[in-house]
1. What is the fewest-to-most order of Lys388, Lys361 by other Cβ atoms lying within 10 Å of their Cβ?
2. Find the eigenvalues of the gyration tensor of the Cα atoms of the stretch 48-138, then list the square roots of 5 times those eigenvalues as equivalent ellipsoid semi-axes, largest first, in whole angstrom.
3. From the alpha carbon gyration tensor of the stretch 111-174, can you work out the equivalent ellipsoid semi-axes (sqrt of 5 times each eigenvalue) and give them in Å, largest to smallest?
4. Work out the charge dipole of the stretch 99-202 with +1 on the Cβ of Lys and Arg and -1 on the Cβ of Asp and Glu about the Cα centre, then indicate which of Ser121, Gly157, Ala168 is farthest towards its positive end.
5. Using the number of other C-beta atoms within 10 angstrom as an exposure proxy, rank Ile310, Ile81, Ile389 with the fewest first.
6. Can you tell me the relative contact order of the chain? Whole percent, Cα pairs under 8 Å, sequence separation 6 or more.
7. Could you quote the convex hull projected area for the chain, Cα atoms only and averaged over all directions, in nm²?
8. Say each of Thr450 and Ser241 gets a label point 7 Å from the Cα, pointing the same way as Cα to Cβ; how far apart are those two points in nm?
Amino acid sequence: MQMSQKPTNLPYFLGPEKEKKDEYKRVLTDTIEAITDSVDDQGAYQGATVEALQQALAQFSLLPKQGIGWEALLEQVKQTILPHFLRTWSPNYMAHLHSPALLESIASELIIATFNQSMDSWDQSPVATEVEVAVVNQLCELYGYHEGSDGVFTSGGSQSNLSAITMARDWYCSTKLGHDVKKEGLPPSYHMLRLYTSEVSHFSMEKSAHLLGLGYNAVRKVPVDDLCRMDVEKLNAMIESDKQAGLLPFCVVATIGTTDYGSIDPVGALREVCDREGMFLHADAAYGSGLQLSPTYRSRLGNLSLCDSITVDFHKMFLLPISCGALLVKNKEHFSVFTLHADYLNREEDEEEGYTNLVGKSLQTTRRGDALKVWMAFQCRGKDGYGKIIDTCTENAAYLAKELLAHDSFTLAIEPELSSVVFRHNGSCELNKRIRKELLHHHQVVIGQTVYK
Ligand SMILES: *Cc1c(COP(=O)(O)O)cnc(C)c1O
């Protein structure tokens, strides 16, 4: 699309000059207006098909010889992009664990993007580093960890789980096999290592096992009970027979809120198994972690501080913008698996002088200052405000489940523990699939899908 208007010269950056500040404000104000103008009903999705969206995008030359400038660009975004975004705040948007973003957290995103700090070294993110340190301390306290614990912000649950399983693998190899994976790579018996997680756990277990050189076969899927929770008796039996076969059980991953059902594995019983067997216990609480702020339902999670590490996602129940997750670790020594020193970045002498370089705890180097979102939202809403949000969400799910149970045409898969309600229409599978697509393309309603049993 060619615009006849001559592009204005947009400054590159914000700066102290009045003209730059004015232009910064203008660009953002225009954007805010375009966004708010584009929201004029309660629909979750305007309904466009794959082909329609591809065609709409095909009209643009993405890297034109000459830039079209801000005004023309905004016009195109208004025409082509904004109308088609999902409205995550819509009551009709119920798919996945994908949440709307609290208003104050959108302001935090603006601050994060404007200042563009990088969380690898203190001299790239002075106050943002201290914000992350403070938020991590608060989180350790919230989940019942004491002195000696630590954490790091991540891109989300998948990265948190990969990081935790790396720690578990290296800890096991070092303490049980006397082998330093960091220096020497995998031990000769690497193909004997086994990780146990429920059959309805997240696929990042297999992905991590692959990336860590252990392979999918290292992941043992433990059957679940009627409520989709890991069956501890069966876990014990699997560990026993694996040991008989000469295999090396090194880790249990409890899912605290399974992605599909919101079911919660029993951490108390799993801690006993891990203590008896000398295994690492990780809690994948990517979904369920938000319940910790619920005064009413918190006890459903069990005592997460029994776990060696905890995955927390803020872009799910905490209603913060993607991406925002953390990994909390009971014994901070485990972070040494990610520590390396680069002369240009995080010299050891920095730490002696009191500067914190967070890169030593992360898989990432350059990293967004996502902790600010938690810092701002926690203060803005407080324990009471967040508690109410999470209680209401949990109660809405219970209400929907009750209505479905009372209705002849629907079957509820399991009683919800968190916010997910898994149900089906009593007609054929085909009919169920068709209902979902009809809702998506013709009724502005988005619901998720899965396969139960
Ligand atoms: C969502 C989810 C993940 C993955 O988290 P991302 O933030 O999407 O990477 C892992 N485990 C569980 C149980 C989840 O629900």
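None of the figures in this text is laboratory data; all of them are computed from the coordinates on show. Because the structure is a prediction, the values reported are computed rather than measured. Every residue, glycine among them, receives a Cβ derived from its backbone with ideal geometry; neighbour counts consider all protein chains shown.
1. Values: Lys388 16, Lys361 26.
Listing Lys388, Lys361 from fewest to most nearby Cβ atoms yields Lys388, Lys361.
2. After diagonalising the Cα gyration tensor, the semi-axes are 34, 23, 11 Å.
3. Working: eigenvalues 123, 51, 26 Å².
Over the Cα atoms of the stretch 111-174, the ellipsoid semi-axes are 25, 16, 11 Å.
4. Ala168
5. Numbers: Ile310 32, Ile81 14, Ile389 18.
Final ranking by Cβ density, sparse to dense: Ile81, Ile389, Ile310.
6. Numbers: 752 pairs, mean separation 91.8, N = 453.
Answer for the chain is 20 percent.
7. Values: hull surface 104.4 nm².
Result: a mean projected hull area of 26.1 nm².
8. 2.6 nm
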